[in-house]
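Taking it in order: structure first as C-alpha cells, then the write-up.
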Amino acid sequence: GQQVMQIPQYQHVQEGEDFTTYCNSSTTLSNIQWYKQRPGGHPVFLIQLVKSGEVKKQKRLTFQFGEAKKNSSLHITATQTTDVGTYFCAFVTGGGNKLTFGTGTQLKVEL
Amino acid sequence: NAGVTQTPKFQVLKTGQSMTLQCAQDMNHEYMSWYRQDPGMGLRLIHYSVGAGITDQGEVPNGYNVSRSTTEDFPLRLLSAAPSQTSVYFCASSRTSGRTDTQYFGPGTRLTVL
C-alpha cells in the first residue's frame, strides 16, 4: 500500500533559525496538502500542491512538490514563536475519497 | 457561519459504555469525515461520507459506526467503549470529495475511556 513518511518527528529551533519538514511517498501522488495544528487546536489548511516541481510561498513559508511527485517539503525561514505547532502533510487515496495524513512534525521554537 | 462544530468537547466513559460524538457543519459540504489523533500517529481516518445516505470505512473503523441522514450532520457512535479508544476525535468537512478540496476541521472531542 501507499506509504508516506514525514520527517523529522520533532524539531527544536532557536527563534530566527530556519526549519524544514519533509514528506516522502513510496508512490506518485496526485496532489499534496499541508496543514498546521497549534497545541491544543485543530488542523488548519495551509496550502495544496498539484503540479510536478511546483513551488508556492506564503510569507516566510515555502512549499515544494518534487519533480516526480513523490516528495514534498515545507520550509520556514527565520522561525518565530507563532510558528510553534505540528505540521502535517496529507494526500488523497481511495479514488479521491480518503485523505491520509502523515505522522506530522512537531516544531518548538525557543527564544 | 459556525463552520464545523463538535460536541461534547470533553468526555469520560467507562469501559463498555456507548456514546455518540456529534458533528455538524453549516457550509453545505458534501464530504464529511472522522479522524482520531493519537500521539506520534498523526490523524487516522475512521469513517467518511461523500453525501447524505452514503458512508464508507476509513483506516480504523472497528468499534465505530456512522450515519449520514442529512447533509449537515455526521455523528460517530462508539458501540462499546474500550481504553484503546481514548483519543482526540476530529470531524472534518469539505465542499466535495474531490482531490483538491480543503478540509475544514472541527475543534475536536477529547475522549477518555477508563
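Observations
- Here B:Thr112 meets each of (1) within 14 Å of chain A (Cβ to nearest Cβ); (2) within 27 Å of A:Gln106 (Cβ to Cβ) with one exception, condition (1).
- The set of residues in segment B:56-88 that are in a strand (DSSP E or B) and within 11 Å of chain A (Cβ to nearest Cβ) comprises B:Asp56, B:Gln57, B:Val88.
- Selection from segment A:48-95 of residues that are touching a residue at least 60 places away in the same chain (Cβ under 8 Å) and not in a strand (DSSP E or B): A:Ala78, A:Thr79, A:Gln80, A:Thr81, A:Asp83
- Hits in segment A:27-42 - residues which are within 8 Å of chain B (Cβ to nearest Cβ), surrounded by 13 or more Cβ atoms within 10 Å (Cβ to Cβ) and over 12 Å from B:Pro107 (Cα atoms): A:Asn31, A:Gln33, A:Tyr35
- Residue within segment A:86-94 that is within 11 Å of chain B (Cβ to nearest Cβ), surrounded by fewer than 20 Cβ atoms within 10 Å (Cβ to Cβ) and within 14 Å of the chain's Cα centre (by Cα) present: no
- Residue in segment B:57-72 that is charged (D, E, K, R), closer than 25 Å to A:Ile7 by Cβ and surrounded by 18 or more Cβ atoms within 10 Å (Cβ to Cβ) present: no
- Selection within segment A:1-31 - part of a strand (DSSP E or B), within 28 Å of B:Thr100 (Cβ to Cβ) and of a type in the set (A, V, I, L, M, F, W, C): A:Val4, A:Met5, A:Ile7, A:Phe19, A:Cys23
- Here A:Lys69 does not fit the description of being touching a strand residue (DSSP E or B) at 6+ places or on another chain (Cβ under 7 Å) and surrounded by 12 or more Cβ atoms within 10 Å (Cβ to Cβ).
- Scanning segment B:6-13 turns up one or more residues that are under 15 Å from the mean Cα position of the chain (by Cα) and at the interface with chain A (Cβ under 10 Å from one of its Cβ atoms).
- For segment A:3-28, the candidate set comprises residues that are over 20 Å from A:Thr79 (Cα atoms) and under 14 Å from the mean Cα position of the chain (by Cα); within that set, the residue that is modelled with the highest pLDDT is A:Asn24.
- For B:Gln6, the conditions (1) at pLDDT below 95; (2) part of a strand (DSSP E or B) all hold with the exception of (1).
The values are calculated or read from the model by the stated rules, or taken from the named source; none is laboratory data. Treat the numbers as computed from the prediction; the structure is a model and nothing was measured. A quick note on method: Cβ atoms are made from the backbone with ideal geometry, for glycine too, and the neighbour counts reach across all protein chains shown.
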